[in-house]
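Notes follow the structure.
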Amino acid sequence: MRIASIVLTSLLAAALIISAALKLSHRPEVVAEYERVGVPRERLDYLAAILLAGAAGLIGGLFWSPLDIAAAAGVVIYFALAIVAHIHARDAQHVAIPVAVELLAVAALALQLASA
């Protein structure tokens, strides 16, 4: 079970880093997508920082389990709110990615709790 947890945690951390990099790029198409959901451009850096903190917590948690659990729980909350924002903005076209990352985060958290 430990190997599955390491693999899921690593995949989740990579997804968070990629998502943060996109936000930090401030490319027009990325900014437009977030503005469509109601997130102003000036908040993208804050969201990226949250994602990077989550990724750091997940990776650090590979060495200290409580950090891994806390980081995964935070990521679950973050993406639950992202899904709600997409639904509220009637942006069903772009909700699949947050849902996929949410499922990955829930699976990682479940494995971490089971092995704690």
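The values are calculated or read from the model by the stated rules, or taken from the named source; none is laboratory data. The shown structure was predicted, so the numbers you read here are calculated from the model rather than taken from an experiment. Glycine gets a Cβ as well: all are built from the backbone with ideal geometry, and neighbour counts include every protein chain shown.
A few comments on the model shown:
- Note on segment 15-29: residues that are touching a residue at least 12 places away in the same chain (Cβ under 8 Å) and part of a helix (DSSP H, G or I) amount to 8.
- Qualifying residue in segment 73-95 (condition: of a type in the set (Asp, Glu) and in a helix (DSSP H, G or I)): no
- For segment 2-18, a residue qualifies if it is more than 15 Å from Gly60 (Cα to Cα), small (Gly, Ala, Ser) and at pLDDT below 95, and exactly one does: Ala4.
- The number of residues in segment 62-99 that are of a type in the set (Asp, Glu) and more than 27 Å from Ala32 (Cβ to Cβ) comes to 1.
- Residue match in segment 41-54 (condition: part of a helix (DSSP H, G or I) and touching a residue at least 60 places away in the same chain (Cβ under 8 Å)): no
- Taking residues in segment 60-79 that are under 13 Å from Leu111 (Cα atoms), and partners anywhere that are basic (Lys, Arg), not one pair has Cβ atoms closer than 8 Å while being at least 6 places apart or on different chains.
Matching residues to (1) surrounded by 15 or more Cβ atoms within 10 Å (Cβ to Cβ); (2) not hydroxyl-bearing (Ser, Thr, Tyr):
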position	(1), (2)
Thr9	yes, no
Ala14	no, yes
Lys23	yes, yes
His26	no, yes
Glu29	no, yes
Arg36	no, yes
Arg43	no, yes
Leu47	yes, yes
Leu52	yes, yes
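- Test set (1) among the hydrophobic types (A, V, I, L, M, F, W, C); (2) surrounded by 16 or more Cβ atoms within 10 Å (Cβ to Cβ); (3) without any contact (Cβ under 8 Å) to a residue 40 or more places away in the chain - Ala92 fails condition number: (2)
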